[in-house]
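A short worksheet on the structure shown next.
The values are calculated or read from the model by the stated rules, or taken from the named source; none is laboratory data. Owing to the predicted nature of the structure, the values given are computational and were not obtained by experimental measurement. With ideal geometry, Cβ positions are generated from the backbone for all residues, glycine too; neighbour counts draw on all protein chains shown. Surface areas here come from the heavy atoms of the whole protein model, side chains and all, with no ligands, DNA or RNA. Shrake-Rupley method; radii C 1.70, N 1.55, O 1.52, S 1.80 Å.
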Amino acid sequence: MAFICPYCFESIGRIDDVHYMCTDVGHNSRSILEEDPEYASYRGLETYTRTTHVVRDYNRRDPRCDVCGSRLSRMLCPVCHNTLPYGIDKWDLNFFAILGPRAVGKSHYIGVLIKVLERMSKEFQWSISPIDSKVNDLYNKKYANSLFNKKKGIDPTRRVTLDIYEPLAYTIKAYNGKVAGLFFVDTAGEDVSADDYAYTIQKYIANSSGIIFLVDPLQFDYVKDRIGARDSNRANYTHTLSVISQVYRAGKGMSINKKIGIPLAVVVTKCDVLIKEPTNEMEEEVFLGSDSAINNPRKYGVFDEENSQQISAEIEAFLDRVSEGQFPQAVKNDFKDYRYFAVSALGSEPDASGSISGVSPIRVEDPMLWLMERETAVIKAQNTQESVKKSFGGFFRRRFGV
């Protein structure tokens, strides 16, 4: 069974194609330096040496180290030589591309989303955990420490040409022990705003199960002119989405005339600003007010389809207004399956120094719940042609057999 490496996003034809690392303490204590060209290439280095021994050729039925004879269990991607999680070939892997231009709030969204998914364990009877200590350390260092300990905003993500993307890879497990994998990569805005940069992450975009495209409403002149927002960033969302669509089609070898089949969640960030009550005619053209569907509670333990559609219609109309119809039309032209959402990762805007009073997320889980629900519908239609019950519980009945 073919699967995708969560680090380099190369397809691995079967589990027998992997490489192994010998973990025998006695063998590796000899500290013999060994060249690893695969990992060096992944890191963009001329050379890389490790003290652990990599085994490329072995008995498929009984993999053992060709030096010390120890049984092998630590698998490496044969392309990039990153450690693969045990059992990855049996997981239902979901790569969700979280994309958007500079300063749209991708890092804040990812950092808060993971925390919210963890807190929803009781509601959906799941447990979510990082695949290894490296992921846990990365999350704590880049996200949790700033947001929840220091109460500061997260520094902008560096471009892929300046840094190697480390995925935030998590397992999500049902009570019967079945496991799926959720993988997120925090991309820099520059990497999807220009063709030259975007193609550096083509494999990541092309192998995505769904795309979460973040939109900052304060980056539209229409909004800024009417409410005096202090944010000075500018973004052409129609162009950025076009670049992403081109890169996806190129990665898949798709015709330019064919619409993209994976679901697209268009997510308006900083919705705490939009749900304020307008005080004049100018603000009425921007603010959605307290009676917005965003304020209606989501049904407990299920994907709330009715509420989701209400929010989607409201946000689509908002984006149609502030982009003079350009952006929603671009969405319709490039994607078959899409929906609009409104979230706030922090719940309020950081002050001028980047400090935050706390994290009070609004609806950050909605896009993920929808994407998982759409993925269920695809699998069901392909296998049985039956209708799909529109509840998030359907995701686990199909994926985990519960």
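Among residues of segment 316-341 that are more than 21 Å from Asn257 (Cα to Cα), those with a beta-carbon under 6 Å from a residue that is among the acidic types (Asp, Glu) at least six positions away or on a different chain give the pairs Tyr340/Glu316; Phe341/Asp366.
Report yes if some residue within segment 117-134 is acidic (Asp, Glu), within 30 Å of Leu346 (Cα to Cα), in contact with a strand residue (DSSP E or B) (Cβ under 9 Å, 6 or more places away or on another chain) and without any contact (Cβ under 8 Å) to a residue 12 or more places away in the chain; otherwise report no. Yes, there is a match, as at least one residue in segment 117-134 is acidic (Asp, Glu), within 30 Å of Leu346 (Cα to Cα), in contact with a strand residue (DSSP E or B) (Cβ under 9 Å, 6 or more places away or on another chain) and without any contact (Cβ under 8 Å) to a residue 12 or more places away in the chain.
Residues in segment 281-290 that are assigned to a loop (DSSP other than H, G, I, E, B) and more than 30 Å from the chain's Cα centre (by Cα): Glu285 alone.
When you scan segment 90-100, do you find a residue that is more than 20 Å from the chain's Cα centre (by Cα) and farther than 24 Å from Asp272 by Cα, even just one? The answer is yes, given that some residue of segment 90-100 is more than 20 Å from the chain's Cα centre (by Cα) and farther than 24 Å from Asp272 by Cα. Return the residues of segment 135-150 that are within 16 Å of Val116 (Cα to Cα) and within 18 Å of the chain's Cα centre (by Cα); say none if nothing qualifies. Across segment 135-150, the qualifying residues are Asn136, Tyr139, Asn140, Tyr143, Ala144. For segment 300-336, residues that are part of a loop (DSSP other than H, G, I, E, B), surrounded by fewer than 14 Cβ atoms within 10 Å (Cβ to Cβ) and of a type outside the set (Asp, Glu) total 3. Within segment 236-274, which residues are of a type in the set (A, V, I, L, M) and open to solvent by 30 Å² or more (accessible area, probe 1.4 Å)? Matches in segment 236-274: Ala250, Met254, Ile256. Only one of the listed residues (Asp334, Asp320) is more than 24 Å from the chain's Cα centre (by Cα) and at pLDDT 95 or above. That residue is Asp320. Restricting the first member to segment 16-31 and to residues that are within 14 Å of Val54 (Cβ to Cβ), and the second to residues that are at pLDDT 85 or above and assigned to a helix (DSSP H, G or I), the beta-carbon pairs closer than 9 Å and six or more apart or on different chains are His19/Glu38. Listed conditions (1) under 20 Å from Asp320 (Cβ atoms); (2) crowded, with 21+ Cβ neighbours inside 10 Å; (3) not aliphatic (A, V, I, L, M) are all met by Tyr204, apart from (1).
Checked against the criterion of being among the acidic types (Asp, Glu), part of a loop (DSSP other than H, G, I, E, B), surrounded by fewer than 19 Cβ atoms within 10 Å (Cβ to Cβ) and at pLDDT below 60, segment 351-364 has no qualifying residue. Annotation: His27 fulfils all but one of (1) at pLDDT 90 or above; (2) touching a His at 6+ places or on another chain (Cβ under 8 Å); (3) not aliphatic (A, V, I, L, M); the unmet one is (1).
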